[in-house]
Amino acid sequence: MQNIRYKLLDLNDHSFPNLRKTCEYWSAKRDAAGTIAPAWPDINLLDLPTELLPKICVVDVQQDPLDFTYRYWGTAITSLHHYDLSGKSVHSLTPPEYAQCIWDQYSVVCSTMQPQTFIIEIPLDSGYFTFYIALRLPLSSDGKTIDKILAAEDFGNERDQLRNLFEQI
């Protein structure tokens, strides 16, 4: 398999309304909590855009050693990967290069304690590539450390939309 590449994306520079609404919701919850990030109980998934719900993951962050375990795995993500990783480590993603790509992104969110948006390029066995946008939002039970990550994904509206965006960045 070829390398799986990803790039940071400034969500404010692009039109992904469901991801933007999700980030605004997260920001309002963080501001209300007055901490680095809202806690998981502060989040109500039903407050998010309905069409986004199947494209959401919630990840538990384990410290020492650092690892990420899927608490919630949306149905659209199951359809995309053809498996459900609820209750399993990010290391269970296949192939291993993809698991490392996602692990790296979650690590960035933990170290920066800030929302991050990534555009990911995944080579397919057929020689083509697929792309998706992932918004990764930190959550904190104690207001000091990141113990969960809320991830929302957008697969784009047109086949070449995300490929063209990836090449522009």
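The values are calculated or read from the model by the stated rules, or taken from the named source; none is laboratory data. What you are looking at is a predicted structure, and each value in this text was computed from that prediction instead of being measured. Backbone-built Cβ (ideal geometry, glycine too); neighbour counts: all protein chains shown. Note: accessible area is taken over every heavy atom of the protein model, side chains too, but ligands, DNA and RNA are not part of it. Shrake-Rupley method; radii C 1.70, N 1.55, O 1.52, S 1.80 Å.
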Full extension between K88 and N12 adds, at 0.36 nm per residue less the Cα distance, a length in nm of 24.1 nm
Compute the long axis of helix 17-33 from its Cα atoms, compare it with the longest principal axis of the Cα atoms of the chain, and write down the angle in degrees, 0 to 90, nearest 10.
20
What pairs from K88/K148; K55/K148; K29/K148; K7/K29 go past 22 Å between their alpha carbons?
K7/K29
Pairwise label distance in nanometres, I169 with Q62, each label 7 Å out on the Cα-Cβ vector
2.9
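Given +1 on the Cβ of Lys and Arg, -1 on the Cβ of Asp and Glu, and no further charges, what dipole in debye does the stretch 72-169 carry about its Cα centre, rounded to the nearest 20? Provide the component values of the computation, followed by the final result.
On the way: 6 positive and 12 negative charges, 57 e Å.
In debye, rounded to 20, the stretch 72-169 gives about 280.
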Give me the net charge for the shell around H91: Cβ to Cβ below 13 angstrom, other residues only, Lys and Arg +1, Asp and Glu -1.
-2
Any chance you could run the full-extension gain for D160 through T35? It's 0.36 nm times the residue separation minus the Cα-Cα distance, nm to one decimal.
41.1 nm
Under 10 Å from the Cβ of W73, count the other residues' Cβ atoms, weight Lys and Arg +1, Asp and Glu -1, and hand me the total.
+1
Pick out which of F118, F68, F16 has the largest mean-square fluctuation in a Gaussian network model of the chain, springs linking Cα atoms closer than 10 Å.
F16
Taking 0.36 nm per residue of sequence separation and subtracting the Cα-Cα distance, how much length would be gained by fully extending the chain between F129 and E24, in nm to one decimal?
34.8 nm
Simple spin-label estimate for L45/T112, 7 Å along Cα→Cβ, in nm, reads 2.5
Any trypsin sites (Lys or Arg not before Pro) in the stretch 1-104 that lie in a DSSP loop and have at most 14 other Cβ atoms within 10 Å would be K88
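For the chain, what is the mean residue ellipticity at 222 nm derived from helices alone (per DSSP H run of n ≥ 4: -39500 (n - 2.57); sum divided by total residues; nearest 500 deg cm²/dmol)? The partial results should precede the final answer.
On the way: 4 runs with 49 residues, N = 169.
Value at 222 nm, helices only: -9000 deg cm²/dmol.
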Which whole-angstrom value gives the distance between the alpha carbon centres of the stretch 47-68 and the stretch 80-118?
9
Round to the nearest 10 and give me the degree value, 0 to 90, for the angle of helix 96-112's Cα axis relative to the longest principal axis of the chain.
30
Could you compute how much accessible surface W40 exposes when probed at 1.4 Å, giving the result in Å² to the nearest 10?
60
Non-local residues with an amide H under 5 Å from the amide H of R71, with H modelled 1.01 Å from N and Pro and chain starts lacking one, are V58, V59, D60, G87
Which value, in Å² and to the nearest 10, is the accessible area of Y72 when all protein chains are kept and the probe is 1.4 Å?
80
Please identify, among V59, V90, V108, the residue showing maximal mean-square fluctuation in a Gaussian network model of the chain using a 10 angstrom Cα cutoff.
V108
